[in-house]
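Here is the structure we will look at, set down as structure tokens.
Derivation of every value follows stated rules applied to the coordinates shown; laboratory data play no part. Since the model is a prediction, treat every value here as computed from it, not as a measurement. Methodologically, a virtual Cβ is constructed for each residue, glycine included, from the backbone with ideal geometry; neighbour enumeration extends over all protein chains shown.
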Amino acid sequence: MNTNELTNTQSCSRRCSRRCHIPLCWALLIAFDVSLMALTYAQDGKAGATEPPVQSVETEIPGPVDVAANVSRFEAIDVFVDSGNQRLAAWQLEVRSTANDVQIVGIEGGEHPAFSEPPYYDKRAMNNNRVIIAAFSTDDNLPSGRSRVARIHVQVRGSGARAWLSELTTSATTDGTRIPAEISITKAAG
Amino acid sequence: MNILRSRISAVLMLCVAATMCAVQLGCGSEQPATDSAPSSMPVNSKTSAPALDGDVFADALESLATGGASARQRGNVLTSPTRRFPGDGSSPGPAVVRATFELMPGEELWVIAKGFDPAAPANEETPPGCGALMARLPDVEKEVPVPLKHTAVVGNIDGYIATVDVTQQFQNTYNSKIEAVYVFPLPDNAAVSEFVMTVGERKIRGIIREREEAEKIYNDARAQGHVASLLTQERPNIFTQKVANIEPGKQIDINIRYFNTLQYDDGAYEFVFPMVVGPRYNPPETTDGIGAVGRGNQGVSGQSTEVQYLTPGERSGHDVSLSLNISAGVNIESVRSINHDVAVKDVTETERSVTLSASDSIPNKDFVLRYQVAGDKIKTAMMTHKDDHGQYFTMMLYPPAELKKVQRSPMEMVFVLDCSGSMSGRPIDQARAAISHAVQSLTARDTFQIINFSSTASQLGAAPVIATPQNIQKGLTYLNSLNGEGGTEMIQGLKAALDFPHDEGRFRLVSFMTDGYIGNDHDILNALSDKLGDSRIFSFGVGQSPNRFLMDRMALIGRGAVAYLSLNDDPVEIMNRFNERISHPAMTDLSINWGNMHVTDVYPQILPDLIVGRPVVVTGRFTGEPSSVKVGGRQGMQPTSFAVAVDAADATKEHKGIASVWARLKIMDLMTQFSRTPDQAAELRQTVTQTALEYSLMSTFTAFVAVDSMSKTEGEFGTTVAVPVNVPEGVKYETTVEN
């Protein structure tokens, strides 16, 4: 063994310990982790570093006042996805109400021809007040910017506003590239 | 001169408009018109003189008689045919004034009918009026306006799994809003998994819910004026579609998608789309049956579900179109439609495109398409599907060729003939011809009995007799004396067929010949299970639209086979096939070694016998890779087995419908238990509901509902109008429908 090398390594370790207060083995471990992450992202390719985080948006949908608890009404929630200047080809989202007196009674498609067909819902996730829906389109003509992708028809009992949570879990372009997009919901104008 | 004459139409039109005379032609309403009423749906109709030549229109054209100027009274009479609507038996009709005049060749007659007051009282008994014009011609069926305009069926067959889209186009031809109610059939093994309501350009996907919940949502929406629809299941093969708040002139489409497996029989696959529910008989004191009543006689039967039938001579505007794309996977040798005219296009050697002829679009008989495939290339096929629920397979087991080499043992043949009113006429003629041929095919080693039932049961003799020529002749004489009349007390026929000592030296085989038009299906199936013993049941569905659910289940429970005897079938051919099947022993006590597959939840849970010419379809869940399996059983007393090689390419090909088909089979199995074990009813009901919700499937306890919250109509929900249907072709209205 080259004693100079050993000496240099030990010296380096000591220097590192002194200057950064991080043992060399830790530094190597961190470097390995970073490499591993980079490799993972590289393997994921398009879904890698640009994958947007899942965002959950809380929205309050107003309701009438002074309505008896057992009196129901039907209304619709419009679901919008804003994909900025990117063309939206696929999406999956979840919409749920925090209230138990809400029932989903129909799912309609969006305003853009590419998403005008009523989206499919996840049968297993379907609940009275919760739905996961998804759609994709192979059309050349795809929406960009803010577009209504679905309309959810609901039955609501009683008075007052209802809180809704919406999460956009997937938004992608034609070639499957995940793109950042924002979800929002509003009460449909009757 | 001709030109002048042909303009009579314009004169007539102006007369009507100018005088605002309340002329109602064939619109179904018998309410008097009011002068102030706007014409909500002005409809004109053009009828050319050649078509009218020698024909007579009946009923009114009031002021035209005097105002009709040059119209000469000779042969042609314009009329407003009397219409009957739900409960209209006592409704006063409009004042009718007849006008007769002559039309010469080349002339035209135009009549504009004035709409009626949309605000006119609308209730279940009094239908809304409409502006539709209909002319009645002698010897031509009277057209009755119905809220169902058209049914479009598009099927795609891949292997032996069909994906079928059914679109029902509901249309309001009246002048006030309506709720349309339509009781219709689907195949009993249809896994209905999608439901979409189209309002204008907008499509709303329906949600599967527990039935009571869905009904409540629908009723709430209906009461609040929203367009809404509800699909419920009354029997595995009978469904009710309700569409609320259809405004005048508007159309609402309902799209239903289902998957089902096709039957394979002697080298041919059979695709069936039922088009009409046959009139059911319900034993006294039954209230949850399927009532059969004449148009407008709602509630007469006292049953929870009712089908309204058009009277003889009436025809609704409802028609059906059907197209089918077949991808058999093996060469298709021939395609034959049993009851309808079709156009068949050869796409490739293994693919066909079939279209129902437009001239055969009356929905009064089952669409049955048999396509023969290259027999020597048929192989036991396994198809699989994988999704987030897990992996599923369906496999068709073909009987081993060796079965054909062994002759059967002596038999005790029991023929049970349905002699109820619905079998009267051609159906019983067909059934008699079939039994006659089967009896004459027996040998002196066999015994036979002929039982008939309607309101009661009777039989040829006290016990089965040896099939000697003399006894056969005696049997044929007895058979020819039987006619169709009375009720369908099928339970009496069952008892007579199964409640007598079994001849140990003979294999008992009971063949039921019936249309199955009963409302207490489950009672019959339960009784059959209880009394079956070692007997085997071969059920024959007779006629153009038999109760296939009952027939299929009887054969399944009875470990036999089902066959259908259409009025267009040759009974000799059908019975020869039957004879071929029973001429060889079945492979019994089947068991399957699944090899490397870990298999669970297999349906049917009790494997039926493998009979010559009839494969068995087995569906289940599995983990692992599809692999070859080994089928074991007995041939007589001898153990036997055969290996089934699974084609990896076939097995791993994606087949989306399999999960739904499996779930549907599971539900059917649970429902059989439900009707037989009342003490476990609550638990079974919960399991059925959970399965149906999880797989988004129709069942007795689940329903599809869709509400358009964006469209709110004014006022009450309007008149409920049932869609009356034709009695199936060959069935007599007089002997089957209550009035």
Legend entry - Residue-wise HN-Hα coupling along segment B:579-596, computed from phi with Karplus coefficients 6.51, -1.76, 1.60 (Hz; x: Gly, Pro): 4, 4, 5, 8, 7, 10, x, 7, 8, 10, 6, 5, 9, 10, 8, 8, x, 7
Inset, instruction - Note the full-extension length gain between B:K531 and B:A223 as 0.36 nm times their separation in residues minus their Cα-Cα distance, in nm to one decimal. - result: 106.0 nm
Legend entry - Full-stretch length increase - B:E285, B:S591 - with 0.36 nm per residue and alpha-carbon distance subtracted: 105.9 nm
Legend entry - Spherically averaged projected area of segment A:63-167 from its Cα convex hull (nm²): 6.7 nm²
Inset, instruction - Using only the Cα atoms of segment B:439-480, each taken as one equal point scatterer with no solvent, compute I(q) by the Debye sum, divide by I(0), and report log10 of the ratio at q = 0.22 Å⁻¹. - result: -0.67
Legend entry - Extension gain, B:Q686 back to B:Q473 (0.36 nm per residue minus Cα-Cα distance, nm): 71.2 nm
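Before anything else, pin down the relative contact order of segment B:323-477: Cα pairs under 8 Å, at least 6 apart, normalised by residue count, whole percent.
16 percent
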Inset, instruction - Tabulate in residue order the Karplus-calculated ³J(HN,Hα) for segment B:159-171, using 6.51 cos²θ - 1.76 cosθ + 1.60 with θ = phi - 60°, rounded to whole Hz; enter x for Gly and Pro. - result: x, 10, 10, 9, 10, 10, 9, 10, 10, 9, 9, 8, 9
Inset, instruction - Report the relative contact order of segment B:471-562, percent, no decimals, based on alpha-carbon pairs under 8 angstrom and at least 6 residues apart. - result: 27 percent
Inset, instruction - Pop out the ³J(HN,Hα) list for segment A:177-183 in order, Karplus 6.51 cos²θ - 1.76 cosθ + 1.60 with θ = phi - 60°, rounded to Hz; leave Gly and Pro as x. - result: 5, 5, 10, x, 7, 10, 10
Legend entry - segment B:591-682 shape via C-alpha gyration tensor axes, a/c threshold 1.5: oblate
Legend entry - Sites B:E210 and B:D346, calculated FRET efficiency, Cβ-Cβ separation with R0 51 Å, nearest 0.05: 0.60
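Is there a pair in B:K345/B:K405; B:K405/B:K666; B:K149/B:K712 whose C-alpha atoms are over 28 Å apart, and which pairs would that be? Please list the in-between numbers first.
Numbers: B:K345/B:K405 38 Å; B:K405/B:K666 36 Å; B:K149/B:K712 23 Å.
Among B:K345/B:K405; B:K405/B:K666; B:K149/B:K712, the Cα-Cα distance tops 28 Å for B:K345/B:K405; B:K405/B:K666.
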Legend entry - Gap separating the Cα centres of segment B:539-615 and segment B:300-378, nearest whole Å: 22 Å
Inset, instruction - Take every Cα pair under 8 Å in segment B:613-739 that's 6+ residues apart, average their separations, divide by the length, and report that relative contact order as a whole percent. - result: 13 percent
